[in-house]
Amino acid sequence: MKNIDKPIQFADSANDFHKLTRNTSILINDVTVSFKGKKGEFTAIKDINLEIKKGEIVSLIGHSGCGKSTLMNTISGMVSPSKGEVIANENLVKGPGPDRGIVFQNYSLLPWLSVYKNIFEAVDSVLKDKTKAEKHDIVENNLSMVNLMPHKDKLPGQLSGGMKQRVAIARAFAINPSILLLDEPFGALDALTKGSMHIELLKLWNLDNRNKTIVMVTHDIEEAIFLSDRVVVMNNGPEATIREIVDINLPRPRNKKEIAHDPEYIRVHDRLLSLLFEKLSIED
Amino acid sequence: MKSLSIKNTAVSALYFIASMAILTGLWTLISIITKNEIPGPLSTWTIFKELASEPFYDRGPNDKGIGNQLFSSLSRVFSGFGLGSIIAIPMGLLMGSSKIGMRLLNPIVQILRPVSPLAWFPLGLLAFKAAEGATVFIIAITSLWPTLINTAFGVASIPQDHKNVGKAFGFSKWKYVVKIMLPYSIPHIITGLRLSIGVAWMVIVAGEMLSGGVGIGFFVWDSWNGLSLERILVAILIIGTVGLLLDKCFNALQTVFSWESK
């Protein structure tokens, strides 16, 4: 076992080194987002600057309503910044595009389409040049990657939360985007399902040679550490800003059980806790 | 499970029979109170048997069997309803999908919707120069509103989640309409159609009383002139039953097309 682990670790640190020289995948440049509400203007996030390299996994973490979803939506193009700009894959973001796959918070599957059709329609829409047979193969490959082939003809209403989430992830992967945006993807899942979904996600990322950039919104500290290269901690909104960016220097592939005893894990975990909570016990 | 559903059906049937018994009882009571000026169920039944024994006879333009009358009414209702729906569904889709469309068209809908079919009749006559066309016209124009309003409401209430799917995966306009807009709003559209067919069926009697010729409405008017209240009562029961059956048909359609219950 050790022999197998070693070379991968070497490959990994090489990979990490490579990341430093890699191209920028996402550049968030002085972004402010304000919404016009009933009580005047509301500024969700203010003057945000962030650079994300190709192949990085970055988590955005913060309390509810701190604007982490808003920040991510400026990358997806669902929200346009009131000030500043977002550059993804060297293009100015003007709206949603197929180079950025999105996994929505509430899965957002179309309830009248089967699992297969839900993915097929996305593939059909994005990969226009492929033949029908090629599209069919892509859908089936992605369904088997998330172990959902036996359920391909079911409607979303007949699936469990974890299965729906896997369909949403398979759909985002199927269009082969270079950037994957996950909005609290595992928030609605129980702890056990969540744990195996983390492994599934990293497996998919590995299969693609860790080339995909993944940005994830979460409010789960353990999840953020286990998955990410960097964790972006946000201040409470309104006018939320980035409080601190915490690097996670844990070698990959990470093991859920072993990682918990790693001194680095404990250090990072403590740091994130103290950044997110001012009071850590009732005596504080 | 199966024995349970049989039990449920049996219970529903019993309730239906009981309900009919109450109706017959009240009817008999009214008949007795009015000293048979309004005929009771028994004498009506005799006339019904007489009418039903030869439903499709044809002895000239003013003397046709009850089946002929009914079918001519139904075909008129369906042409009016069909015409109305062909106008209502696309207009509803348009209204529901654009805020500007909604704000521009909604006042027109609100003004025209409460107008009685009888008020439209002269306009129909003017436009079509014939009673037949005018009848279909008034059915169309009074029955299209529920479909229009329900379709518009359905489209306008498409959840942001579903719209986001279209945006995120770059659905074309056509794909959006076919894969998101229509499937989401079909249950609403069918609810609208169900209400519309009810209105259309209600309008037919008034329309045919004015237009004359053949039809269940004309039959009612003709029976009044012939002073046969039994025939009128038979017609009322037939109109009610057909209305109920039409509603049941659309109800069944609603179950077929509802993705929510699956």
Can you tell me the 0 to 90 degree angle between the C-alpha axis of helix B:229-257 and the longest principal axis of chain B, rounded to 10? 20
How large is ³J(HN,Hα), in whole Hz, for each residue of the stretch B:142-147 in order, when computed from phi with the Karplus curve 6.51 cos²θ - 1.76 cosθ + 1.60 and θ = phi - 60°, using x for Gly and Pro? 8, 9, 7, 4, x, 5
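What percent antiparallel are the DSSP beta bridges of the protein assembly as shown, to the nearest 5? Walk me through the numbers on the way to the answer.
Details: 23 of 42 bridges.
Around 55 percent antiparallel, to the nearest 5.
If we sort B:99-108, B:230-239, A:153-162, A:140-149 on the protection proxy, mean other Cβ atoms within 10 Å, highest first, what's the order?
For the peptides B:99-108, B:230-239, A:153-162, A:140-149, the packing ranking is B:230-239, A:140-149, A:153-162, B:99-108.
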Please give the average number of partner chain Cβ atoms lying within 10 Å of the Cβ of each residue in B:160-166, rounded to a whole number. 6
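For peptide A:111-119, what's the mean number of Cβ atoms from other chains within 10 Å of each residue's Cβ? Can you show the working numbers first?
Details: counts 7, 13, 5, 0, 0, 0, 1, 2, 1.
Across A:111-119, the average partner-chain Cβ count within 10 Å equals 3.
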Between the stretch A:75-94 and the stretch B:72-98, the alpha-carbon center distance in angstrom: 44
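Over the whole of A:93-101, what's the average partner chain Cβ count within 10 Å per residue? Rounded to a whole number, please. Could you put the intermediate results ahead of the total?
Values: counts 0, 0, 2, 6, 4, 3, 0, 1, 2.
Counting other chains' Cβ atoms within 10 Å and averaging over A:93-101 gives 2.
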Using the alpha carbon gyration tensor of the stretch A:219-263, what are the three equivalent-ellipsoid semi-axes (square root of 5 times each eigenvalue), largest first, in whole Å? 25, 10, 8
Chain A: radius of gyration over Cα atoms, expressed as a fraction of 2.2 N^0.38 Å: 1.02
With the charge dipole of the stretch A:166-268 built from beta-carbon charges (+1 for Lys and Arg, -1 for Asp and Glu) about the Cα centre, the Cα from A:I248, A:N206, A:L192 projecting farthest to the positive end belongs to A:N206
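Given the convex hull of the Cα atoms of the stretch A:97-152, what is a quarter of its surface area in nm²?
Numbers: hull surface 17.3 nm².
Value for the stretch A:97-152: 4.3 nm².
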Would you be so kind as to identify which of B:L118, B:L144, B:S185 lies farthest towards the positive end of the dipole of the stretch B:61-257, taking Lys and Arg as +1 and Asp and Glu as -1 on Cβ and the Cα centre as origin? B:S185
What are the lysines whose alpha-carbon lies under 23 Å from the alpha-carbon of A:K83, with same-chain residues fewer than 8 places away excluded? A:K36, A:K38, A:K39, A:K46, A:K53, A:K68, A:K94, B:K167
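What relative contact order, as a whole-number percentage, does the stretch B:86-182 give when Cα pairs under 8 Å and 6 or more residues apart are counted?
Relative contact order for the stretch B:86-182 comes out at 35 percent.
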Taking N as the number of residues in the stretch B:84-131, the ratio of its alpha carbon radius of gyration to 2.2 N^0.38 Å works out to 1.42
Sorted largest first, the C-alpha extents of the protein assembly as shown along its principal axes in whole angstrom are 102, 59, 55
Return the inverse of the average 1/r over all pairs of distinct C-alpha atoms in the stretch A:78-229, which is the Kirkwood hydrodynamic radius, in Å to one decimal. 16.1
Identify, among B:L74, B:F218, B:T255, the residue whose Cα sits farthest towards the positive end of the charge dipole of the stretch B:61-257, taking +1 on the Cβ of Lys and Arg and -1 on the Cβ of Asp and Glu, with the dipole about the Cα centre. B:T255
Lys, Arg +1 and Asp, Glu -1 on Cβ, resulting dipole of chain A about Cα centre, debye, nearest 20: 660
Only bridges whose two residues both fall in chain A count here: according to DSSP, what percent of them are antiparallel, nearest 5? 55
Given Cβ point charges of +1 (Lys, Arg) and -1 (Asp, Glu) and nothing else, what value in debye, to the nearest 20, does the dipole of the stretch A:108-205 about its Cα centre take? 120
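Dipole magnitude of chain B about its Cα centre, charges +1 at Lys/Arg Cβ and -1 at Asp/Glu Cβ only, in debye to the nearest 20?
Working: 20 positive and 12 negative charges, 261 e Å.
Approximately 1260 debye in magnitude.
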For B:K49, list the lysines whose Cα falls under 22 Å from its own Cα; do not include residues on the same chain fewer than 8 positions away. B:K64
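Express the Stokes-Einstein translational diffusion coefficient of the stretch B:61-257 in µm² s⁻¹, to the nearest whole number, given a Kirkwood radius over alpha-carbon pairs, 20 °C and a viscosity of 1.002 mPa s.
Details: Rh = 18.2 Å.
The calculation lands on 118 µm²/s.
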The set of residues whose placed amide H lies less than 5 Å from the amide H of A:I45, leaving out same-chain residues fewer than 5 positions away, is A:V33, A:E239, A:A240
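Please tell me the relative contact order of chain B in percent, rounded to the nearest whole number, where contacts are Cα pairs under 8 Å and at least six residues apart. Intermediate results must be reported in sequence, preceding the final value.
Values: 289 pairs, mean separation 57.0, N = 262.
Once normalised by length, the contact order is 22 percent.
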Can you give me the relative contact order of chain A as a percent, contacts being Cα pairs under 8 Å and 6 or more apart? 24
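Bear in mind these aren't lab numbers, they're just calculated from the coordinates by the rules spelled out. It should be emphasised that the depicted structure is a prediction, and the values quoted were computed from it without experimental measurement. Note: ideal-geometry Cβ built from the backbone for every residue, glycine included; neighbour counts use all protein chains shown.
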